[in-house]
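First the structure, in the form of C-alpha cells, and then the observations on it.
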Number of protein chains: 2
Amino acid sequence: MSAFLILEVMKRYNKHIFICENKRPEGHPRGCCSEKGSVEIREYFKLRVKELGLNSEVRANAAGCLDACEFGVSVVVYPEQIWYGAVTKNDVDEIIQSHIINNNPVERLKITHPRYNKDASKT
Amino acid sequence: MSAFLILEVMKRYNKHIFICENKRPEGHPRGCCSEKGSVEIREYFKLRVKELGLNSEVRANAAGCLDACEFGVSVVVYPEQIWYGAVTKNDVDEIIQSHIINNNPVERLKITHPRYNKDASKT
C-alpha cells in the first residue's frame with residue numbers, strides 16, 4: 001500500500017534543474033548567463049546526471065532568461081524552487097551530490113537576494 | 001503571524017511556466033516543439049501574464065528540450081509539475097485562467113502518458 005501511494009505521487013522528474021542559457025548582445029548592462037559559460041555548465045550537469053545513472057528521474061534543462069541576470073550563471077531547481085547564482089562548472093558536482101542526491105541544497109551558492117530565496121543564509 | 005509565515009514560504013514565482021522551444025532538424029523522427037509554434041505560444045503566454053498584471057509572481061519561460069517531444073507543444077508548470085501536451089495558442093488563456101490564477105489544472109490538456117502526469121484523466 002505504501003509503495004502504491006509513493007508511485008501515485010511520483011512525478012516525471014524528482015529534480016528538474018534549469019540552467020539559464022540566455023544570450024544578450026555583448027555589452028548589455030544586465031549581462032547574460034550565456035557569456036558566463038552556462039552552456040558548458042548545463043552540458044556538464046547533463047553528463048554527470050547520466051554518468052551517475054540519475055537521468056531517468058533528474059533532468060538538466062536549458063532555460064531561456066530566468067530574470068536573474070545579475071546573479072548569473074543562474075540555476076533554479078524544482079520542485080523546491082531553489083535559486084543558485086554565480087554557478088561555475090566547479091560547483092556542479094556539489095549541487096548534484098548535496099542537493100540532487102541528498103536533498104540538501106547548497107547554501108553557499110544560493111542567491112542571497114530575498115526576492116529569490118527568502119531563507120538564503122549566504123552573506 | 002499568519003502573514004509572516006506566508007511571506008516566509010513565498011518563492012520568487014508562484015507559478016513558473018516552461019514552454020519547450022527545442023528545434024530539431026526538419027524531418028527528425030521525434031519532431032520538435034518549435035516546429036509546432038512553441039515560440040509564438042511562449043510569447044503569447046508572456047503577453048497575457050503581463051496584461052493580467054501577474055508578471056511579478058508568474059513567469060512564462062522558454063525551455064530547451066523537455067523530453068516530451070512526441071506530445072508537443074510541451075509545457076510544464078511548476079511547482080506542481082503539471083505536464084501539458086499539444087498546447088496551442090488557443091489554450092493559453094484557459095491555462096492562465098484555470099491553472100495559473102485559480103490553481104485548477106486543465107485536465108483536457110494534460111499529457112495522459114503516466115510517465116508525465118500519474119493522475120491524468122484525459123482519455
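Within segment B:37-47, none of the residues are away from every other protein chain (no Cβ under 12 Å), open to solvent by 80 Å² or more (accessible area, probe 1.4 Å) and basic (K, R).
Residue under question is A:R108, and the condition is that it be without any contact (Cβ under 8 Å) to a residue 40 or more places away in the chain, assigned to a helix (DSSP H, G or I) and away from every other protein chain (no Cβ under 11 Å); does it hold? Yes: the conditions hold for A:R108. Restricting attention to segment A:56-94, and to residues there that are β-branched (V, I, T) and part of a strand (DSSP E or B), which single residue is farthest from B:R59 (Cα to Cα)? Top of the filtered list is A:V58.
Might you let me know whether segment A:24-47 holds any residue that is aromatic (F, W, Y) and part of a helix (DSSP H, G or I)? Steps first, answer last, please.
Quick first cut of segment A:24-47, residues aromatic (F, W, Y) only: A:44-45.
In the following step, the residues that additionally are part of a helix (DSSP H, G or I) were identified as A:44-45.
Checked segment A:24-47: at least one residue is aromatic (F, W, Y) and part of a helix (DSSP H, G or I).
On the given criteria, is B:V87 over 19 Å from A:C20 (Cα atoms), free of Cβ contacts under 8 Å to residues at least 24 places away in the same chain and β-branched (V, I, T)? Against the criterion (over 19 Å from A:C20 (Cα atoms), free of Cβ contacts under 8 Å to residues at least 24 places away in the same chain and β-branched (V, I, T)), B:V87 does not qualify. B:I17 passes every criterion in (1) open to solvent by 20 Å² or more (accessible area, probe 1.4 Å); (2) part of a strand (DSSP E or B) apart from (1). Do you know which residues across segment A:1-24 are away from chain B (no Cβ under 13 Å) and modelled with pLDDT of 90 or more? Listed by number, the list holds a single entry, A:R24. Mind checking which residues of segment B:65-77 are facing chain A (nearest Cβ under 8 Å), in contact (Cβ under 8 Å) with a residue 40 or more places away in the chain and surrounded by fewer than 21 Cβ atoms within 10 Å (Cβ to Cβ)? Matches in segment B:65-77: B:C65 only. Exactly one residue out of B:N103, B:N90 is more than 11 Å from the chain's Cα centre (by Cα), on the phi > 0 side of the Ramachandran plot and more than 14 Å from chain A (Cβ to nearest Cβ): that is B:N103. Scanning segment A:84-101 finds no residues that are of a type in the set (A, V, I, L, M), within 16 Å of B:Y13 (Cα to Cα), modelled with pLDDT of 95 or more and open to solvent by less than 80 Å² (accessible area, probe 1.4 Å).
The values are calculated or read from the model by the stated rules, or taken from the named source; none is laboratory data. Given the structure is predicted, the values throughout are model-derived calculations rather than measurements. Neighbour counts run over all protein chains shown; Cβ positions are idealised from the backbone, glycine included. Heavy atoms of the whole protein, side chains included, go into the accessibility calculation; ligands, DNA and RNA do not. Shrake-Rupley method; radii C 1.70, N 1.55, O 1.52, S 1.80 Å.
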